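Structure first, then comments.
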Amino acid sequence: MAKVLGVIGGSGIYEIDGMENGQWISVQSAYGDPSDDLFVGEVDGLKVVFLPRHGRAHTHSPSTINYRANIDALKRAGVTDLLSVSACGSFRDHMAPCDFVLVDQFIDRTFAREKSFFDDGLVAHVSVAHPTCGELGELVLKAAEDIDIKFHKGGTYLAMEGPQFSTLAESKMYRSWGCDVIGMTNMPEAKLAREAEICYATVAMVTDYDSWHPDHGEVDVTEIRKTLSSNSENARNMISNIIPLLKEADSRHPCKQGCDHALEFALLTDGNIDDNIKAKISAIAGRVLSK
């Protein structure tokens, strides 16, 4: 199967540079409407699929994003490798505004979102012990080498519900837990990508120090907007750099971490599965349901 790069752009990322034959297409999902149409095209011969997480006009809040529909639509568009880019706050002095963090762990504190494609009638349990793809992450690191940004390899992302920012007490608590950055959108996105057997990597773009830092005070949206402009340009350069690397990657071998066959032994439901359920989840689990 040929590699197809999917990109979910967060705050400040609403386009990809260098797309050829690009067009916005509507992809129907059995889980409702995605955040927006998908922008599908090619860059240097590689198919690229872009989805603005909040919509092109930034109309969806973190809690109202239809994460299941987004991942389902990307899977239906053929995405094999998914790069998520999003703004975040930092809990660490050395992870400063304008730095990028290649996240490798999450603590999920969201509570108002559908978090699985598997519910009544079809039960599955996938492992998210390592919720991001190490192979795709290595390509991201290489893609960032010649960009003038400070890039941190590894970090724990605290996913909060939002849309309000943290209280001071919460910010201090999350920091004491060992979290490195905080955001509102990468969960359940990462979990759903794993269920969909998509290799997933996430880059958190630091915009602020949340509210814990004694020298910076509370989060200021005006300052965040200023930082987003610089971060967005660097993110687009990083995405451009990863395309030739992914194009060169050997698409014949399975993901060493198992992302692309995460459902192999995950299904627990035995016997007849309702045809309506099969149809609904066909893009996500069709590979294993057809066995």
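Determine whether THR202 is in contact (Cβ under 8 Å) with a residue 60 or more places away in the chain, buried (at least 24 other Cβ atoms within 10 Å of the Cβ) and not in a strand (DSSP E or B). So THR202 does not fit the description; no.
Yes/no matrix, rows are residues, columns are (1) closer than 27 Å to ILE149 by Cα; (2) in a loop (DSSP other than H, G, I, E, B); (3) at pLDDT below 95; (4) not aromatic (Phe, Trp, Tyr):
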| position | (1), (2), (3), (4) |
| --- | --- |
| ILE65 | no, yes, no, yes |
| CYS88 | yes, no, yes, yes |
| ARG92 | yes, yes, no, yes |
| LEU102 | yes, no, no, yes |
| GLU114 | no, yes, no, yes |
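This table checks each residue for (1) within 21 Å of ILE239 (Cα to Cα); (2) in a loop (DSSP other than H, G, I, E, B).
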site	(1), (2)
GLU138	yes, no
ASP146	yes, yes
HIS152	yes, no
PHE165	no, yes
ARG175	no, no
ASN186	yes, yes
HIS213	no, yes
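Starting from residues that are more than 20 Å from the chain's Cα centre (by Cα) and not β-branched (Val, Ile, Thr), keep the ones in the stretch 149-164 and report whichever is surrounded by the most Cβ atoms within 10 Å (Cβ to Cβ). Lay out the reasoning, then the answer.
Initially, the stretch 149-164 is screened for residues more than 20 Å from the chain's Cα centre (by Cα), giving 149-150, 164.
Filter again for not β-branched (Val, Ile, Thr), leaving 150, 164.
On the way: LYS150: 13, GLN164: 9.
Going through the qualifying residues, I end up with LYS150.
Considering the conditions (1) under 30 Å from HIS213 (Cβ atoms); (2) free of Cβ contacts under 8 Å to residues at least 40 places away in the same chain; (3) over 16 Å from the mean Cα position of the chain (by Cα), MET95 is excluded by exactly one of them, (2). Against the conditions (1) hydrophobic (A, V, I, L, M, F, W, C); (2) closer than 24 Å to LYS3 by Cα; (3) more than 20 Å from the chain's Cα centre (by Cα), ALA193 satisfies every one except (3). Considering (1) surrounded by 15 or more Cβ atoms within 10 Å (Cβ to Cβ); (2) touching a helix residue (DSSP H, G or I) at 6+ places or on another chain (Cβ under 7 Å), the lone condition that LYS142 does not fulfil carries the number (1).
Counting only residues that are modelled with pLDDT under 90 and not charged (D, E, K, R), the stretch 10-56 holds 8 of them.
Hey, among ARG53, ARG76, which residue is buried (at least 24 other Cβ atoms within 10 Å of the Cβ), farther than 21 Å from PHE151 by Cα and not hydrophobic (A, V, I, L, M, F, W, C)? Going through ARG53, ARG76 in turn, the sole match is ARG53. So is LEU245 hydrophobic (A, V, I, L, M, F, W, C), surrounded by fewer than 18 Cβ atoms within 10 Å (Cβ to Cβ) and over 22 Å from the mean Cα position of the chain (by Cα) or not? So LEU245 does not fit the description; no. One residue stands out among those in the stretch 18-47 that are among the aliphatic types (A, V, I, L, M) and assigned to a strand (DSSP E or B): the one that is nearest to GLU248 (Cα to Cα), which is LEU46.
The values are calculated or read from the model by the stated rules, or taken from the named source; none is laboratory data. Quantities reported herein were computed from a predicted structural model and do not represent experimental measurements. Backbone-built Cβ (ideal geometry, glycine too); neighbour counts: all protein chains shown.
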